[in-house]
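First the structure, in the form of structure tokens, and then the observations on it.
Please treat every number below as a calculation from the coordinates, not as lab data. These figures come from a predicted structure and were not determined experimentally. So basically every Cβ, Gly included, is an ideal-geometry build from the backbone, and we count neighbours across all protein chains shown.
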Amino acid sequence: MSHKAIEFFFDVGSPTAYLAFTQLPAIAKGAGANIVWRPMLLGGVFKATGNQSPVTVPAKGEWMGGDLQRWAQRYLVPFQHNPFFPINTLTLMRGATGIQMRQPERLNGYLRAVFKAMWAMPVNMGDPEVMATTLADAGFDPTELMALASDPEVKAQLVATTEEAVRRGVFGAPSFFVGGELFFGQDRLEFVREALG
């Protein structure tokens, strides 16, 4: 792994991964670095590490709602709490993995559409009809995506990436590696920037 690369382990179900997604391209560009997209299943990471979502602690969940708004304002990006949270993102993350494997040039567009639907619009991307409409509006064929999400190779790749993340010390999303060093949380992006420097 070249020093000038940011590995980005993420799940679209994480609002902080969305915030990181909005900032990473500019950080990478400024440092002359590549982003290595690593779609993983956050539920699998939680299960393997014994971690859980901050919203399982009511006081922390309530505080985090305000904190996410503060960061969105700082970044000048739209953000709304998704009333359907938590959403099962298995199909969406298989979709991301499948597109990365078969149509890598379309991955960014897919992630933009899904993150926007999850954290800017926000809609229930756990509902198959809503998901299909959202993806179709973004120029993706929902039938093709469902076929990708059902592909055994795609399923195996998502499992492998999730297991690799855990093996390398990841316990939540978003997580970043620069030159083998792990950074956790979108509020650590300044450290990511420094590590690239």
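General observations
- Inter-probe distance in nm under a simple model that places probes 7 Å from Cα toward Cβ, at Asp151 and Glu190: 4.2
- Working from label points 7 Å from Cα in the Cα-to-Cβ sense, the Leu182 to Asp141 distance is 4.0 nm.
- Cα shape, the range 88-128, gyration tensor, a/c 1.5 rule: oblate
- Of all the options Val77, Val178, Val159, the one that moves most in a Gaussian network model of the chain with Cα springs shorter than 10 angstrom is Val77.
- Centre-to-centre, using Cα atoms only, the range 57-133 and the range 1-42 are separated by 14 Å.
- Spin-label model, His81/Ala160: points 7 Å from Cα along the beta carbon direction are separated by 4.0 nm.
- Local electrostatic count at Arg188 - Lys and Arg +1, Asp and Glu -1, tallied over other residues with Cβ under 12 Å: -3
- Think of it as helices only: each DSSP H run of n ≥ 4 in the chain is worth -39500 (n - 2.57), and spread over all residues that comes to -18000 deg cm²/dmol at 222 nm.
- Cross-link reach is defined here as a Cα-Cα straight distance under 13 Å, omitting same-chain residues fewer than 8 places apart; for Lys47 the aspartates and glutamates meeting it are Glu163.
- Cleavage-rule hits (chymotrypsin sites (Phe, Trp or Tyr not before Pro)) in the range 1-99: DSSP loop, at most 16 neighbouring Cβ within 10 angstrom: Phe84
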